[in-house]
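J.: Starting off with a structure, shown below.
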Amino acid sequence: MIYACTPITGLRRRVVLQGALAILIGSLPFAERALAAEPIKIGLVTALSSGARGEALTRGATIAIEDINAKGGVLGRPLELVRRDDESNPAKGLTAARELIQREKVAVLLGGLDTPVQLAIVPFVNNVKMPFVVPWAAGTNITQNGAASNYVFRVSAMDDEVDKAIVAFAGKTFAAKKPGLILVNNPWGESNEHGLRAALKAAGIEPAGVEKFEANDVDVVAQLSRLKQAGADSLFLVGNVGPSSQVVKSLDRMGWSPPIVSHWGPAGGRFTELAGPSAESVVFVQTYSFFGNLSPVGRRVLAELQAKYPDIKGPADVTPAVGFANAYDSVMVIAGAIQKAGSTDPTAIRDGFYGIDRLEGLIKTYEKPFAQNKHDALTAQDYIWAHFEDNHILPFKN
C-alpha cells in the first residue's frame, strides 16, 4: 500500500522542531534546562586594561555567575557576562554603557573602578531606567546623586564612610592630631576632601593643610614640603596606584616618613614595584581579605578560584581581593533583585533590590541591604585595614 505524504513546509518544519526541542528541554534536569534557556545578560563596564584590578572584577563576577548557573540560574535562565573596556575614560565608559544597554540588551549594568567614569554613566542610566551596580568606585555622589528615581546601587566602600574610618583609625593607631591631606585633583579627590573635612571637624581636628596633585605628576615634593612645614604629623592619601606611588617616592627623596593612611587606591596594580620599599608603610582600607578565619562561602569560593585559575595558589594570590569580593557580591545581589522582581523589567529589578531580605555573600550576610533612601550595601563596619608585604596585600597588625 502506498501512502501519500504531505510535504512539510518551512512553517510546519519550524513547528515540529520547536515542539521536539520543547520536549527535549522539558526532559532535562532543572539546571540543564536553565542553561538551554535564553541568558540574562549582565554588562560589565570597567578598566579591563588596568591589569590586576580589572581582572579581579572580571573573575569575581565570573565565579559568581558560575555559582548561580550551577544552581539553575535565575528565573530558570542562566546569567551571562558581557564586558567592555572603559580605559578609565569617562567618555569611553558612557559609550560602552550605551552599547551594552542598547545593542547587547543587558538586564543590569555592572560598573567599575573609577569615580569619574561612574559619574559620567549615572545620569544616563537614571534617564533610561537601567539598574546600575557599582562594585568598586567609592565617590559618595555616585549613589547619592539627587535623582528623583535612582537606579544606582553599590556594593563597595563609600567615600564619606571611608573618610570617617580614616580619621578614626589614624587617631587610634598613630595618635594623629594634625594630618595633612594629599589628594588627587579629580572628582574622587573632591569627594574625599569634602568627606575628610567633615570627619575631621566632627572629631575636633584641624588639618595641617590640603594639597592636590595631578594623576600624571611624577613629583609632589613641593606639595608635601608645604604640609611638612605646616606641622603635619601624618598624611591622609587619596590617589590610584600610579600617583600614590609618586607620593611615596617623593617622601623618600625628602627623607620624611610620616604615617600614611590611605583610601584603597594603592591596592592592586604595580604599587610596590612603582613605589619601592616604602610602599609597605602605606596602610589602606579594604572590604575583604582571604586571610584568616573564612566563612563557609569564603572557603568554597577560594577553592573555586584555585581550581579555575592556575595562578592562584593561595589567599595572597587573590589580589586585589577587594575587587574580586565586591564583584562577586554585586552579582549575587543582582541575582537576588532579579529573582525578587520575577522578570527582567528594569524598574521591577530596581524595586527588587529593595525587596532582598537576606543574602549570603562573600563579604558578609546581607540583611535588607537596600532601601529607597539607602543604596549602599556596605558600611564602615565592613571595612578592614591592610598593607603590602612582599607584594601581597595582608591585614594590617599594629
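J.: What nm value, rounded to one decimal, do you get for the distance between ALA148 and ARG299 when each label is placed 7 Å out toward the C-beta?
T.: 5.2
J.: Helix 115-128 versus the longest principal axis of the chain: what angle, 0 to 90°, nearest 10, using Cα atoms?
T.: 40
J.: When only DSSP loop residues count, what trypsin sites (Lys or Arg not before Pro) in the stretch 239-274 have their Cβ near at most 15 other Cβ atoms within 10 Å?
T.: Hits after loop and neighbour filter: ARG270.
J.: Here's a follow-up. Less than 18 Å apart at the alpha-carbon level, and either on another chain or at least 8 residues along: which aspartates and glutamates does that give for LYS228?
T.: In chain and number order, the partners are GLU206, GLU211, ASP219, ASP252.
J.: Roughly what angle does helix 52-70 make with the longest principal axis of the chain, taking Cα atoms, 0 to 90 degrees, to the nearest 10?
T.: 30
J.: Sticking with this structure for a sec: My understanding is that a pair violates if its Cα-Cα distance is over 19 Å; which of LYS41/LYS105; LYS164/LYS368; LYS71/LYS368; LYS41/LYS364 do that in this structure?
T.: LYS164/LYS368; LYS71/LYS368; LYS41/LYS364
J.: Can you show me the helix-derived [θ] at 222 nm for the chain, built from DSSP H runs with n ≥ 4 at -39,500 (n - 2.57) apiece and divided by the number of residues, rounded to the nearest 500.
T.: Values: 14 runs with 178 residues, N = 398.
Result for the chain, helices only: -14000 deg cm²/dmol.
J.: Okay, next question. Given the protein chains as shown and a 1.4 Å probe, how many square angstrom of ARG299 are accessible, to the nearest 10?
T.: 130
J.: Got a number for the accessible area of SER49? Probe 1.4 Å, square angstrom, nearest 10.
T.: Solvent-accessible area, nearest 10 Å²: 80 Å².
J.: Among (i) 35, 27, 17; (ii) 46, 21, 19; (iii) 31, 29, 19, only one was calculated for this model; which label is it, if the read-out is semi-axes √(5λ) of the Cα gyration tensor in Å?
T.: Derived directly from the coordinates: (ii).
J.: Hey, what angle do you get for helix 241-254 against the long axis of the chain, alpha-carbon based, 0 to 90 degrees rounded to 10?
T.: Rounded to the nearest ten degrees, it is 10.
J.: Something else now. Just to confirm my numbers, what's the Cα centroid distance between the stretch 258-314 and the stretch 342-398 in Å?
T.: The stretch 258-314 and the stretch 342-398 have Cα centres spaced 18 Å from each other.
The values are calculated or read from the model by the stated rules, or taken from the named source; none is laboratory data. Just so it is clear, the model here is predicted, and its values are computed rather than measured. Note: ideal-geometry Cβ built from the backbone for every residue, glycine included; neighbour counts use all protein chains shown. Surface areas here come from the heavy atoms of the whole protein model, side chains and all, with no ligands, DNA or RNA. Shrake-Rupley method; radii C 1.70, N 1.55, O 1.52, S 1.80 Å.
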